[in-house]
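Below you'll find the structure, written out as structure tokens, and then a few comments.
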Amino acid sequence: RKLAAYPVMHGSTNPAVDALLALTKLDASFAAVEEALQRPHCRFAVAYEQEDVWGILVPHLAHALQMVRAYSLRASARLALGQTDAAFRDVQTSVRLANLLKGEFFLIGLNVHIRTMTTALGTAAEGMARHQWNDEQLAWLGATARQCDFLTGYATSMRAEAAGMAQFWSWARTHQKL
């Protein structure tokens, strides 16, 4: 597989500048995510209603994880350059994107939700370690961290997995060829 070409500044000695330049390749994706997150009831279009629950496709999980990682890298680079407000907006966007996965029914969705939240909050921790966030930003980060309730998500996911398994066996009995 050929790797996509990212913009490069030859002779640069600042990794943060290099990262921000390379991430400009994703500007259209960043803009699409930010536009979507402006909608009050934004969600991923997943067809959960199909008869074969194991045939439900969930490519949005990988896309969400990739975008949260990209936002986190951009936030880290911005923190390194002292662009604290821009870095904080990236962390907020990462958290909002991660929270779209909060209502996922399947266990893999919960796993990706946890991974995206820990990625976003890990980037926030970088700013905390450098004492770069102001009091308002710290208050938002604290409130966000307190709202993380992965155990409730686990209970929901396990019920959905059990229901999916029961539906699968029902479907298999009616569709098997003897």
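As a rough guide to protection, the peptides 68-78, 96-106 ranked by mean Cβ packing within 10 Å, highest first, stand as 68-78, 96-106. Helical content alone sets the calculated 222 nm signal of the chain at -22500 deg cm²/dmol, taking -39,500 (n - 2.57) per DSSP H segment of four or more residues and averaging over every residue. For the chain, modelled as a GNM whose springs connect Cα atoms under 10 angstrom apart, the maximal fluctuation among 36, 80, 45 occurs at 45. Just check the range 63-102 against the gyration tensor rule for me: Cα atoms, a ≥ b ≥ c as the square roots of the eigenvalues, rounded for a/c under 1.5, and otherwise prolate or oblate depending on whether a/b exceeds b/c. Note, shape of the range 63-102 comes out oblate.
All of the numbers you see were taken from the coordinates with simple rules; none came from a lab. Here the structure is a predicted model, which is why all the values come from computation and not from measurement. Note: ideal-geometry Cβ built from the backbone for every residue, glycine included; neighbour counts use all protein chains shown.
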